[in-house]
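These notes concern the structure reproduced below.
Just so you know, all these numbers are worked out from the coordinates, no wet-lab data involved. Keep in mind that what you see is a predicted model, and the values were worked out from it rather than measured. Note: ideal-geometry Cβ built from the backbone for every residue, glycine included; neighbour counts use all protein chains shown.
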Amino acid sequence: MIAVQIFAFLLWVCALLQADASSSSVLNSKRVVSKKYSWELDSAKMISQQNFKIKPAALISRCKDVIDKKVGLENADDLADDFVFQFPVVGPLSKEEYLKAVGGFKIETMFPDLNTGMHDFRVDPFIPGRVWYTVAFQATHTGEGPFGAPTGKEVVCPPQVNSLTFNEDGKVIKYTGGYVNT
C-alpha cells in the first residue's frame, strides 16, 4: 500500500513539473511559513492576504447556511450557473445534472436518524472562496429508498473532507468531497 501511495505521489509531482505554472493558483500562491516551524504554513496570514470580497468568518457562515439548505436542494439559487459537483466516483456534474441526481436521492427518508457530524470548517489558504469541512456520517437504514428495503443496519462512515467554493456573490461554484481520512 505504501508503494502505491509513493508511486501516486511521484506521478503527481511529474504532472506538476510538466504543468504550466500560470494555470495553478495553488502553485502561484505566496506561501507564508510560521515563525515556529519551518514545515508549517501560516494559514491565517495567507488568508489575510487574499483579496476575496467575503471575509473568512462570513464565508464559513455562508457555507454553513448553504449546507443547512441541503447545498442547493432547498434553494437552487445558492448555486452559481457554472456550478460543478465533483466527487471521486461521481462527477463532474453541472448544476442541472446535480439537482436532478441528488434531488431524488432522499437520504433523510432512508436514514431518519442521520447525523452528518460536520465539523472543522476552515478557509483554504491557497484558493480564495473555498471552505473545507469534515463529515463523519452516522445513521441507521430504517427507510425506503434507492438502497432498497430498510435493513436496520447502522452505517458509520470514516471522516471525509468536503469543500464548497464560492464566487464573490456568495454562490457555490464547486462542491467537492469524498476525501476519506482512515
Complete set of residues in the range 62-89 that are surrounded by fewer than 18 Cβ atoms within 10 Å (Cβ to Cβ), over 26 Å from ILE47 (Cα atoms) and touching a residue at least 60 places away in the same chain (Cβ under 8 Å): ASP77, PRO88, VAL89
Residue match in the range 111-124 (condition: closer than 17 Å to ASN167 by Cβ and either of a type outside the set (Ser, Thr, Tyr) or touching a Ser or Thr at 6+ places or on another chain (Cβ under 7 Å) (or both)): yes
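Of all residues in the range 45-61, count the ones that are assigned to a helix (DSSP H, G or I), in contact (Cβ under 8 Å) with a residue 24 or more places away in the chain and either over 12 Å from ARG122 (Cα atoms) or hydrophobic (A, V, I, L, M, F, W, C) (or both). Full working, then the answer.
So the first thing to find is which residues in the range 45-61 are assigned to a helix (DSSP H, G or I), and the list is 45-48, 56-61.
Among the residues that remain, those that are also in contact (Cβ under 8 Å) with a residue 24 or more places away in the chain are: 46-47, 56, 59-60.
If we keep only those that are either over 12 Å from ARG122 (Cα atoms) or hydrophobic (A, V, I, L, M, F, W, C) (or both) as well, we get 46-47, 59-60.
Going through the range 45-61 one residue at a time, the tally reaches 4.
Quick check on VAL155: is it in contact (Cβ under 8 Å) with a residue 40 or more places away in the chain, out of contact with any Pro (no Cβ under 6 Å at 6 or more places or on another chain) and buried (at least 17 other Cβ atoms within 10 Å of the Cβ)?
No.
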Top-ranked residue of the range 83-119 - restricted to ones that are within 20 Å of ALA139 (Cβ to Cβ) and in a strand (DSSP E or B), ranked as farthest from the chain's Cα centre (by Cα): ASN115
